[in-house]
Amino acid sequence: MALIIQLTENSAGIKLSLEKQRTTIGRDVNNDITLDDELVSKHHAVIEIISLDNGVEFLIQDLNSTNHTFVNDSPVELYKLKDKDLIRIGMSDFRFISQDPESMDETAQLYKTWIPGVFYTGKKKKKTGKKK
């Protein structure tokens, strides 16, 4: 399955699993993900799971919001999400993670860069057993 991680100032924030076929995001309390932000429309965006013969796709759709939905700093109306896409709704940033079961064995550390709003994960180097 997949998830989105809400990014906070210093680290990764809340992990939100995308298990429902349709996950709504907005300021209204009836949304699956409610954002308390004046820049967010009551019904701002939706993430849908589309089943295909060879797997699933995740689509994000802007619901004619006032301030738009952004993926990788570009406004979108309908967008097929890819692993590690950055979603911005109002003042909130989310990282889309397309998970495979093996990727859940390890917890990644999120690091802040000197560029505002840009984060990265540190990769562990595997020991090969060779000595020099």
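Observations on the structure shown:
- Taking label points 7 Å from Cα along the Cα-to-Cβ direction, Asp73 and Leu39 give a separation of 1.5 nm.
- Judged by the mean number of other Cβ atoms found within 10 Å, the most tightly packed of the peptides 88-97, 63-72, 13-22 leads the ranking 88-97, 63-72, 13-22.
- Percent carbon-and-sulfur accessible area, segment 1-55, ignoring ligands, DNA and RNA, probe 1.4 Å: 46 percent
- Per residue, the accessible area of segment 33-105 comes to 61 Å², computed with a 1.4 Å probe over protein heavy atoms only.
The values are calculated or read from the model by the stated rules, or taken from the named source; none is laboratory data. Predicted model only: the values in this text are computed from it and were never measured. All Cβ positions, glycine included, derive from the backbone under ideal geometry; neighbour counts span all protein chains shown. Just so you know, the surface numbers come from the protein's heavy atoms only, side chains and all, with ligands and any DNA or RNA stripped out. Shrake-Rupley method; radii C 1.70, N 1.55, O 1.52, S 1.80 Å.
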